[in-house]
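Just so it is clear, none of the values below were taken in a lab; they were calculated from the coordinates. What you see is a predicted model; the values in this text were computed from it and never measured. Cβ atoms come from the backbone with ideal geometry, glycine included; neighbour counts cover every protein chain shown.
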Amino acid sequence: MIIAPAEPHDVTNLLAFREEAAAWLRGLGSDQWSRPYPADKLLATIEAGTVFMLRDGHTTAGTVTLTADAEEGLWTQDELAEPALFVNKLTISREYAGQDLGGRLLSWAGDRAYRAGARWLRLDAWSTNEGLQQYYLARGFTHVRTVRDGNAVNGGPRVSGWLAQRVTGPANHGFTDRTPAPERLRFAA
């Protein structure tokens, strides 16, 4: 399998991917990702070079967004001063479920973050999705805290405030990496 940067034409596929994941989550009793994601916002992240596609031939098996930008209101100023990259929108096609591709994408993200000079690979997860939280804990993440205060961007209580992190490092993820070398992070030491 090959990991490569997403391209603008991937927007439709990524939106369908998210709908597939939301439907699966609904079947598990979760309302995670039930709100439609704006296509223009997704396109902007693709154009920024932070969205990556896992491809199996011509089929998209998974996707992950890896960015230096933290969601506002989640991490403390001291934490934000530490070199970190943030995982968002990790999604695996249901066709590829059960092959630990998500775990391997997290290994790839941790390796890429390490090569960028990050100490931490961080994420926020749905506060009520205990299965997802356990998934991340089983892959070496440590729970930092759960943020319930503040409003989400579109109003209402914060729903994705379960924060976790793990130390970055070289990893053998097993993918053919067709991504450009990561830019080195600039941070306050």
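Each other residue within a Cβ distance under 14 Å of T59 adds +1 if Lys or Arg and -1 if Asp or Glu, for a net charge of -2.
When you count, for each residue, the other Cβ atoms within 10 Å and take the mean per peptide, how do 114-123, 138-147, 176-185 rank with the highest first? Don't skip to the answer; put the middle values down first.
On the way: 114-123: 19.5, 138-147: 14.8, 176-185: 12.3.
By packing density, highest mean first, the sequence is 114-123, 138-147, 176-185.
With neighbours defined as other Cβ atoms within 10 Å of a residue's Cβ, the residues D40, D124, D56 order from fewest to most as D40, D56, D124.
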